């Protein structure tokens with residue numbers, strides 16, 4: 001489909017999702033783990049991008065759902081996920097959110113801290129059937145990714161550290177409450193990871209801990225969740241994580257370590273998010289002003305920026321782009337793609353070589369499906385962009401563009 005036609009109909013900034021890519025990526029991960037470890041439960045990490053149409057598509061592909069807030073839980077139920085197929089994560093779940101999850105009857109709560117154990121013990125005191133929980137563990141594994149998306153290192157706000165003894169104390173605390181059923185352990189060591197050995201290290205730590213808790217506290221592991229975070233390609237020449245190979249590596253590690261520690265094989269859960277929606281999305285912008293500072297830099301500004309994609313500003317994420325409305329002519333030159341917002345750090349692409357551009361040209365930025373609209377804001381009172389789904393020559397609106405009236409709707 002011509003991006004010029006889509007821009008004319010829906011305006012820019014515009015986020016375009018390709019249904020064939022979404023289904024293809026979902027099937028790739030689902031089938032790879034089904035072959036490597038039959039019965040693997042694949043759940044979409046909704047924080048990558050929550051949208052009703054996309055959630056319904058992934059539900060039709062056999063996915064469960066991970067949520068991290070009451071809003072995401074509401075959206076998942078609204079999209080038709082069975083409560084039993086939803087897992088609730090998060091490092092500071094409030095009492096109201098936990099009560100919402102328990103009332104809905106969701107399948108799993110991943111407990112992150114001692115305060116949450118105390119809240120759940122109060123909320124489940126009168127329950128006849130215990131609520132199933134996993135403990136989020138911190139295995140102190142440093143992965144090769146940006147520090148702001150490394151979540152399994154010792155200095156992290158997430159999870160019970162194993163090394164300090166806090167994880168074992170959490171096991172004892174959960175065991176002391178009859179309203180909580182400890183089924184197993186979860187870890188998420190980071191995002192945008194390309195080395196599968198990090199997962200093997202995490203699985204080693206989790207299963208060694210599981211064996212110790214069996215011996216000391218009589219807890220038999222039934223479920224294991226080593227997380228997600230599989231890397232995708234953002235720039236030309238990059239290769240995404242090989243999910244099929246990784247599935248085999250992860251499955252082998254689970255089997256080998258369970259045999260080593262004489263543990264029963266647990267049910268396995270994996271949590272792809274970015275690797276599903278990231279490659280399926282393209283961001284489309286209209287080019288406006290340009291500014292050249294001789295000997296320093298040439299800026300080209302677009303009608304979006306950090307309010308719809310804060311990743312470059314937040315942790316130096318890099319993107320590629322192309323002129324979408326015409327074949328480039330003339331010698332390519334280095335430019336900086338800037339956003340329209342009132343921050344010097346509002347830069348989408350710090351350095352890219354493109355043929356000469358003109359106001360009104362369209363700039364297409366691939367691999368924009370994850371953690372862009374998911375973290376969008378109304379900074380400078382900018383309406384958040386529309387999103388469409390394309391498939392088989394047709395487009396449909398899956399998220400309406402906000403209006404100026406929407407921006408003041410909640411003001412009093």
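Quick rundown of the values:
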quantity	calculated
Some residue of the stretch 86-103 being over 14 Å from residue 70 (Cα atoms) and touching a strand residue (DSSP E or B) at 6+ places or on another chain (Cβ under 7 Å)	no
Looking only at the stretch 224-268, and only at residues there that are in contact with a strand residue (DSSP E or B) (Cβ under 8 Å, 6 or more places away or on another chain) and assigned to a loop (DSSP other than H, G, I, E, B), the one that is farthest from residue 211 (Cα to Cα)	240
Counted residues, the stretch 375-388 - those being crowded, with 19+ Cβ neighbours inside 10 Å and within 19 Å of the chain's Cα centre (by Cα)	2
Selection status of residue 59, more than 30 Å from residue 361 (Cβ to Cβ) and either outside the structural domain of residue 255 (by TED's automatic domain parsing) or outside any strand (DSSP E or B) (or both)	yes
Hey, residue 55 closer than 22 Å to residue 400 by Cα, buried (at least 22 other Cβ atoms within 10 Å of the Cβ) and at pLDDT 95 or above or not	yes
Top-ranked residue of the stretch 329-348 - restricted to ones that are part of a loop (DSSP other than H, G, I, E, B) and in contact with a strand residue (DSSP E or B) (Cβ under 7 Å, 6 or more places away or on another chain), ranked as surrounded by the fewest Cβ atoms within 10 Å (Cβ to Cβ)	332
Whichever residue in the stretch 95-117 is touching a residue at least 40 places away in the same chain (Cβ under 8 Å) and assigned to a helix (DSSP H, G or I) and, among such residues, is surrounded by the fewest Cβ atoms within 10 Å (Cβ to Cβ)	114
Hits in the stretch 196-219 - residues which are outside any helix (DSSP H, G or I) and more than 17 Å from residue 265 (Cβ to Cβ)	196, 218
Single match in 168, 126 (criterion: assigned by TED's automatic domain parsing to the domain that holds residue 257 and at pLDDT 90 or above)	168
Residue in the stretch 203-218 that is within 24 Å of residue 65 (Cα to Cα), assigned by TED's automatic domain parsing to the domain that holds residue 112 and surrounded by fewer than 16 Cβ atoms within 10 Å (Cβ to Cβ) present	no
Total residues in the stretch 1-35, condition out of contact with any strand residue (DSSP E or B) (no Cβ under 9 Å at 6 or more places or on another chain), buried (at least 16 other Cβ atoms within 10 Å of the Cβ) and assigned by TED's automatic domain parsing to the domain that holds residue 394	0
Residue within the stretch 74-91 that is closer than 30 Å to residue 377 by Cβ and modelled with pLDDT under 95 present	yes
Among the residues listed as 262, 308, the single one being touching a helix residue (DSSP H, G or I) at 6+ places or on another chain (Cβ under 7 Å) and in contact (Cβ under 8 Å) with a residue 40 or more places away in the chain	308
Filtered residues of the stretch 277-296 (kept if outside any strand (DSSP E or B) and under 27 Å from the mean Cα position of the chain (by Cα))	277, 278, 279, 280
Verdict on residue 67 being at pLDDT 95 or above, touching a helix residue (DSSP H, G or I) at 6+ places or on another chain (Cβ under 9 Å) and closer than 24 Å to residue 309 by Cβ	yes
Pairs, first closer than 12 Å to residue 282 by Cα in the stretch 1-19, second at pLDDT 95 or above and part of a helix (DSSP H, G or I), C-beta under 6 Å, six or more apart	15/373; 17/280; 18/280
Residues (assigned to a loop (DSSP other than H, G, I, E, B) and either outside the structural domain of residue 161 (by TED's automatic domain parsing) or out of contact with any strand residue (DSSP E or B) (no Cβ under 8 Å at 6 or more places or on another chain) (or both)) located in the stretch 62-75	69
Test: residue in the stretch 76-94 that is part of a helix (DSSP H, G or I), assigned by TED's automatic domain parsing to the domain that holds residue 120 and buried (at least 21 other Cβ atoms within 10 Å of the Cβ)	yes
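Matching residues to (1) in contact (Cβ under 8 Å) with a residue 12 or more places away in the chain; (2) on the phi < 0 side of the Ramachandran plot; (3) in a loop (DSSP other than H, G, I, E, B):
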residue	(1), (2), (3)
350	yes, yes, no
358	yes, yes, yes
363	yes, yes, no
371	yes, no, yes
380	yes, no, no
387	yes, yes, no
402	yes, yes, yes
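The values are calculated or read from the model by the stated rules, or taken from the named source; none is laboratory data. Owing to the predicted nature of the structure, the values given are computational and were not obtained by experimental measurement. Reconstructed Cβ throughout: ideal geometry from the backbone, glycine too, with neighbour counts over all protein chains shown.
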